[in-house]
Amino acid sequence: MRVKQAPVNHGRKNLAAALLSIVLVCLSWTVSAAETRYQVDLSERNMQQVTIEARFTEVTGDTLNFHLPVWRSGLYLVLDFVGTVSGLEVSDENGESLAFEQTAKSSWRVSRPDAGSGDVVVRYRVYADSLTDRTRHVNADHAFLNPAAVFVYADQFRDLPVDLTLDLPEGWQAASGMEQPDPGHFVAPHYDRLVDSPIEAGTFDLVSFEAAGMNIDFLIDGIWDGDEERLIEDMSALVTATAEVFADANRGLPTDYYLFILHSGDGLGGGTEYYNSTVVHTDPRAFWDDDRWQGFLGLMAHEFFHTWNVKRFRPASIDRYDYQNINYTELLWVAEGLTSYYDQLLPVRAGLIPVGEYREQLAGAISSVVDAPGYSQDTLARASLEAWTKGYHRGADRAADKRNRTISFYSQGGLLGLVLDMEIRGTSNGDRSLDTVMTSLYDDFPLGSGGFTYADFRERLAAAGDDALAEQLDGWVYDTQPLPLADALQSVGWVLDREDTSENPVQVSLDVSLRGNPPVVFSPRLDGAAWQAGINAGDELIALNGVRIGSNLDALLRRYSPGDEVEFSLFRDGQLKTVPVTLNRVRADHELEVDEDASEEARDIRADWLGGMEEEEESDE
C-alpha cells in the first residue's frame, strides 16, 4: 500500500492532516479488501448434494449475522430454502470453530469474542433436487444453482464484492450473467447481483449470436432439435423487436450481454427473469410442434422484456429486495401484467406469429379474464398486493375458491395494457403509445434509485395520453370498472363479439373445474350450476341420471338442454350422496374479426401498433 507523505516542514497542522489521510486510506483499503467468497464443491453431485463454503473476509465486530433468503425473485411465494440445508459449521480463517446460534428460521448469529479483524467461514450442505421451481438442481449430468436458494449472505457484506468458484468436474463448463474471468470463476459487484445471476454448469449446448447491439448466449440443457439457424433467427427477431420498444430511451441498452438458460425436459414450463439472463423451462415437444413453439416464443418475449421492466426499473416498494420477508407491492399489474401484454404482441411485431393467430390469442385472453367470476370481485391493485397470500399460495385453504374471488394481474394487467395502448394512440393521433410510457419509466427510474410509485406511472400515462385517461386508470386498477375492450379494438378496426353457438343450442354447462377419471371436483364456479346445487370441491362424481361417469361426462351432458334438472350421484367424504343440478347454457367464447369497413385512420393505427405486420388474406381453397 502506498501512502502519500506530507511535507515535514509545514507544522503540526499538516502532520495531523497527513495522519488523518493515512487513517482514511487505511480504512478505505480495509473496506475494499472485505468481500464474500464462495466455493462450491460438486463432488457429491451424484447424490444431488452440493457443499458450499461462504467466506466473509476482514470481518470486524464481535458478532456477524448471516442469512439464507426465504424466497427468490420472480416467484411471489415464500419457499424457505433453509429446509434443505444441513451440516452447518462456522469457523475463523485458521479453521477454529466459532460459536453461533440460530436467531430465526433462516438467520444465524456468529460470536467473535476477540472482536478483531478476520475471516468468518460458513460451511454447509444443500440438497438440490428442485428444478421445476427453478431454485436448485444437481445430479450427475448438470448443476443449476439459483443463488437466492443456496448462498448465504451477511448483512454488512450485502453491498460488497462477491467472488465465486465452482469446482467443475472434468469436461464441464459453466455459464451465468456474471463476469467469468476463468472457467467456473465468477465475480459480481455485490450480493444483489449474485442473486440476480443464476448459474448453470454441465455439458450443455451453447448457441451464440448478436442482436440489437447485444451479444447473446443461448444455453440449452436437455433435449432439443438442434436447429441453430431457426433458434438464432427467431430469437434475434424477438430481441430486436423488444429493444425497439425502448428505441427512444436516453439510457440506451440495458446490457451488452444476455444469457438465456433453457432447461428442456418432460413436463417443464415457465420462466424467471434476472438482471441480464433468464431461466426458461420447456417441454421438448415445443421444438417439433408449431403451436407449442409459438407459446415458447411468447415465454421468451416475456422474460426478455423483463430486462427493462422489473430488472432496470421497478416499483418503489421492491426497488431493494428484503430477502427475509414478503415484498408487497400494488403494482405487479405493471411489472407482470404489462409485460404479459408485450409477450403476445412482440412475436407479432417480430414477424414470428401471423396477425390472425394473434387475434385468436387475444380473443382467448379476453374470455379468460372477463368471464372469470373474479372480474367483478377483485381489483388489480389488491391482486398484486395479495400475490403472496392468494395468487401463488399453495395451501388448500385458498386453492378451491381462489378462482372465484381473485383475478390474474398477469392476464388482466395485459388487457389493461392493450386498452392503455389503444387510448394513447388514439388521443395522440398515433404519435405516442404505451411504448412511450414504458420508455419514460426506464429513463426516469433506474434500478436502485428508489423505484416508481402509482402516482409516477399515472403522471407519465397522462403525459403520453391525457388527464382523462389517467383518471380512468384509477377505476381499472383500484376498482372493478370493466375494461372497454370492444372500443379499444374497434379503434384499430377489429370487432369483438361472441362466437355463434346457435348450431349447438343444447350444449350445457355444469360450471365446474374437474380433475381425474372418474372426475373429482376441483372448483365449482361462483353462482354456476354446480355452485347453486351445492356440489363441493373434492366431490367425486360417480353417475349422471344413473349412468356411470368416467371420461365421458361431456358426452353425457350433450343429451340435455339448458334448464334441465339432472341428478348427480357422488361420493363426499366416503359417503354416497345424490344432488339435483339445473344445467346452464354454455357460455360462448369471444372472437375477434376484422372490420372490412374500418376507417383508414384505424388501419394506420393498427399497422403502426403491429410493427407494420399485415393481416393475411384468406385463401379461397
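Tell me the angle of helix 454-464 to the major Cα principal axis of the chain, expressed in degrees between 0 and 90 and rounded to the nearest ten.
That works out to roughly 70 degrees.
Keeping every protein chain present and rolling a 1.4 Å probe, give me the accessible area per residue for the chain in Å².
With the other protein chains kept in place, the chain gives 45 Å² per residue.
What's the extension gain from Tyr560 to Asp467 if we count 0.36 nm per residue and subtract their Cα-Cα distance?
Taking 0.36 nm per residue and subtracting the Cα distance, the gain is 28.3 nm.
To the nearest 0.05, what FRET efficiency results for Val520 and Glu360 with a Förster distance of 30 Å applied to their C-beta separation?
Details: r = 31 Å, r/R0 = 1.04.
E between Val520 and Glu360, to the nearest 0.05, is 0.45.
Take the solvent-accessible surface of the protein heavy atoms, probe 1.4 Å, and return the percent of it on region 261-396 that carbon and sulfur atoms account for.
Accessible surface attributable to carbon and sulfur in region 261-396 totals 47 percent.
Just how far, in whole angstrom, is region 230-298 from region 590-619 if you go by their alpha carbon centroids?
Using only Cα atoms, the two centres lie 27 Å from each other.
Just the ratio, please: alpha-carbon radius of gyration of the chain over 2.2 N^0.38 Å, N its number of residues. Provide the component values of the computation, followed by the final result.
Working: Rg = 28.5 Å, N = 621, 2.2 N^0.38 = 25.3 Å.
So the Cα radius of gyration is 1.12 times the expected 2.2 N^0.38 Å.
Can you give the accessible area of Met47, probe radius 1.4 Å, in Å² rounded to 10?
Approximately 110 Å² of Met47 is accessible to the 1.4 Å probe.
If amide H atoms are built 1.01 Å from N in the plane of the peptide, which residues on other chains or at least 5 residues away come under 5 Å of the amide H of Leu42?
Result for Leu42 returns Asp167.
Give the residue from Gly528, Gly83, Thr582 lying farthest towards the positive end of the charge dipole for the chain; charges sit on Cβ (+1 for Lys and Arg, -1 for Asp and Glu) and the dipole is referred to the Cα centre.
Gly83
Around Gly337, what is the net charge, scoring Lys/Arg as +1 and Asp/Glu as -1 over all other residues with Cβ under 14 Å from its Cβ?
Details: positive: Arg314, Arg382; negative: Glu330, Glu336, Asp343, Asp378, Asp421.
In short, -3.
If you average 1/r across every pair of different Cα atoms in region 456-542 and take the reciprocal, what Kirkwood value do you get, in Å?
Working: mean 1/r = 0.0580 Å⁻¹.
With all distinct Cα pairs of region 456-542 included, I get 17.3 Å.
Counting only protein heavy atoms and a 1.4 Å probe, tell me what percentage of region 107-243's accessible area is made up of carbon and sulfur.
Working: 2160 of 4990 Å².
Of all accessible area on region 107-243, carbon and sulfur atoms account for 43 percent.
Can you list the HN-Hα couplings for region 288-295, worked out from phi with the Karplus curve (6.51, -1.76, 1.60; θ = phi - 60°), rounded to whole Hz and with x for Gly and Pro?
10, 10, 4, 5, 5, 5, 5, x
Which angle between 0 and 90 degrees, to the nearest 10, do you get for helix 339-349 versus the longest principal axis of the chain when only C-alpha atoms count?
70
I need the phi-derived Karplus couplings for region 562-573: 6.51 cos²θ - 1.76 cosθ + 1.60, θ = phi - 60°, integer Hz, Gly and Pro marked x.
Calculated HN-Hα couplings, in order: x, x, 5, 9, 10, 10, 9, 9, 8, 9, 9, 6 Hz.
The values are calculated or read from the model by the stated rules, or taken from the named source; none is laboratory data. A quick note: this is a predicted structure, and the numbers were derived from the prediction, not measured. Cβ coordinates were reconstructed from backbone atoms using ideal geometry, including for glycine residues, and neighbour counts include every protein chain displayed. The accessibility values were calculated without ligands, DNA or RNA, using every heavy atom of the protein model including side chains. Shrake-Rupley method; radii C 1.70, N 1.55, O 1.52, S 1.80 Å.
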